[in-house]
Each structure stands twice: as structure tokens, then as C-alpha cells.
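K.L.:
First, the structure itself, so that you have it in front of you.
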Amino acid sequence: MTRQLVIGNWKMHGSIGKVRSVLPELARSKLGPNVAVCLPYPYVMLAKSLLKDSQVQVGAQDVSEYHVGAYTGAVSASMLADIGCELVIVGHSERRRYFSESSENAARKLRACLDAGLFPVYCVGEDAEERASGRHKEIIAAELAVLRGLPIGLYAVAYEPSWAVGTGVIATSEQIAEMHAFIKETLEPRTRVLYGGSVKGSNAEEVLAVDGVDGVLVGGAALSASEFLEICMAAR
Ligand code: G2H
């Protein structure tokens with residue numbers, strides 16, 4: 001069975017029509033449980049029903065750090081579990097940038113996911129200035145520090161340098177290998193580390209062949225069934 005994870009992150013894209021056109025194609029392709037799609041909340045239940053005869057997992061892109069209560073607009077991890085969600089992306093660079101989320105918020109979200117039996121994918125990554133000034137490892141180490149004490153194996157980390165997110169500029173194989181090794185050294189060698197940032201059908205094979213890459217988190221290219229399937233086929 002394929003070991004590497006392929007997780008699609010639709011971000012704030014899509015419609016009922018789009019979900020109905022892409023997901024049945026994935027369902028027909030007999031993908032394994034190593035493949036997942038993280039959709040906007042309103043489409044999660046529809047996705048579950050479209051994928052009910054397949055092993056493809058369904059996830060969300062964010063979750064509340066609170067369990068229950070007067071938190072207008074928030075969605076709890078237990079609600080996501082209740083509607084059949086299996087995984088949740090936490091701490092994505094877009095959450096950090098546009099919604100002022102900190103690593104501490106993301107760690108609380110991660111714990112809420114674990115309490116609800118969901119599989120969290122915790123995102124880390126440096127920006128262009130931090131890389132240019134050689135501080136990338138320091139930034140990632142600080143983002144990882146909040147995971148101390150959490151049970152390895154119940155979550156994955158996604159290395160997504162923000163200069164590669166949605167830009168079409170992908171990190172080099174050397175940069176990916178170096179940072180994945182650094183994350184595994186900092187946490188634990190068996191931590192699953194995914195790469196994210198401009199992964200496409202045309203570069204997936206190269207990225208997935210890099211040492212220490214346990215999968216990919218795919219944004220834009222997950223919106224096309226044929227391109228996403230090409231990426232899934234490159235997973236080992
Ligand atoms: C990084 C990635 C998915 P894209 O955010 O999380 O998006 O593949 O569009 O760079």
C-alpha cells in the first residue's frame with residue numbers, strides 16, 4: 001500500500017457543482033486511504049456522501065481551539081468528527097497571515113483535534129525574508145516548539161515555506177530534504193512530514209522522491225481532478 005500521504009487543500013474555492021464534478025472522479029479512481037481532500041466546511045457532508053464507496057478521506061481546513069460554548073462563528077473538532085471528518089489542517093500560513101493565528105493557537109487546535117479523534121496536519125514554514133536572512137531553521141524550530149509533549153504519530157507536520165505557497169515557485173529538492181530532516185531531528189524521526197507549496201502534476205514525482213518526504217499538501221492543483229490524480233499516482 002502507498003505510504004506517502006496526498007492531501008488536497010481546496011482553500012476558499014469551490015461550489016456544490018465543483019465538488020460534484022471533482023470528487024466522483026476521485027471515487028472512481030480507487031484511491032487508497034492515504035489520499036484526503038480538505039474542503040470548505042459547507043461541502044464536507046456532501047464530500048462524505050460522494051466518497052462513501054471510496055477510501056479517500058475528508059478533512060477541514062481549520063477548527064476552533066474551543067470545545068463548546070458561546071463562540072459565534074466557530075466550528076468545534078467534535079462537530080467535525082460528528083459529520084464524518086477525519087483530518088484537519090491547523091496553523092496554515094494563510095491562517096497565520098490573514099487571521100493573526102499564532103503557533104500557540106494552532107497547538108490548541110491540534111489538541112482539540114486529538115481530543116475528538118481527528119488527525120491534525122500542523123503547518124510550519126518561513127517567509128522569503130526569513131529564508132534570505134538565513135533564519136529559516138530558527139523560525140521552524142520556534143513553530144515546532146509548541147508541539148512538545150504531544151504524542152508523535154497522531155499528527156503530521158506540513159513544511160510549507162510561504163514563499164512557495166500559491167506562487168508557482170517550488171522549493172528545491174535540497175531545500176526540502178534539509179528542512180524535512182531538520183523537522184524530524186527536532187521532533188522525532190518517525191514524525192510524518194509533508195511538503196506543501198506549488199506542488200503540481202508536473203513536479204509531484206520529483207518532490208515525492210526527495211528523502212524524508214512523507215507526502216504532499218496540495219492547494220491549487222487539488223481543484224482539478226486530473227491533476228490531483230496525477231499527483232496521487234506519483235505517491236509511493
Ligand atoms: C500551500 C498549498 C496547499 P499551493 O498552501 O496548502 O497551496 O499548492 O496552491 O501552493
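K.L.:
Consider only pairs whose beta carbons are under 6 Å apart and that are at least six residues apart or on different chains; among these, list those whose first residue lies in the range 78-105 and is more than 24 Å from residue 197 (Cα to Cα) and touching a residue at least 12 places away in the same chain (Cβ under 8 Å) and whose second residue is in a loop (DSSP other than H, G, I, E, B) and open to solvent by 60 Å² or more (accessible area, probe 1.4 Å).
P.N.:
Listed pairs, sorted by first residue: 81/117.
K.L.:
Given the criterion in contact (Cβ under 8 Å) with a residue 12 or more places away in the chain, touching a Ser or Thr at 6+ places or on another chain (Cβ under 7 Å) and surrounded by fewer than 20 Cβ atoms within 10 Å (Cβ to Cβ), identify the matching residue among 13, 67.
P.N.:
67
K.L.:
Is it the case that residue 151 is within 18 Å of residue 104 (Cα to Cα), loosely packed, with under 14 Cβ neighbours inside 10 Å and out of contact with any His (no Cβ under 9 Å at 6 or more places or on another chain)?
P.N.:
Criteria met by residue 151.
K.L.:
Sticking with this structure for a sec: Criterion first (surrounded by 23 or more Cβ atoms within 10 Å (Cβ to Cβ) and small (Gly, Ala, Ser)) does residue 59 satisfy it?
P.N.:
Against the criterion (surrounded by 23 or more Cβ atoms within 10 Å (Cβ to Cβ) and small (Gly, Ala, Ser)), residue 59 qualifies.
K.L.:
Mind checking whether some residue in the range 110-125 is among the β-branched types (Val, Ile, Thr) and open to solvent by 40 Å² or more (accessible area, probe 1.4 Å)?
P.N.:
no
K.L.:
Sticking with this one: Going residue by residue through the range 140-157, is there one that turns out to be touching a residue at least 60 places away in the same chain (Cβ under 8 Å), part of a loop (DSSP other than H, G, I, E, B) and within 16 Å of the ligand (Cβ to nearest atom)?
P.N.:
no
K.L.:
What are the residue pairs meeting all of these: first residue in the range 200-228, first residue more than 20 Å from residue 39 (Cβ to Cβ), second residue open to solvent by 20 Å² or more (accessible area, probe 1.4 Å) and in a strand (DSSP E or B), Cβ atoms under 6 Å, and 6 or more apart or on different chains?
P.N.:
214/192
The values are calculated or read from the model by the stated rules, or taken from the named source; none is laboratory data. What you see is a predicted model; the values in this text were computed from it and never measured. Cβ sites come from the backbone with ideal geometry, for glycine too, and all protein chains shown count toward neighbours. These area figures cover heavy atoms from the full protein model, side chains too; ligands, DNA and RNA do not enter into them. Shrake-Rupley method; radii C 1.70, N 1.55, O 1.52, S 1.80 Å.
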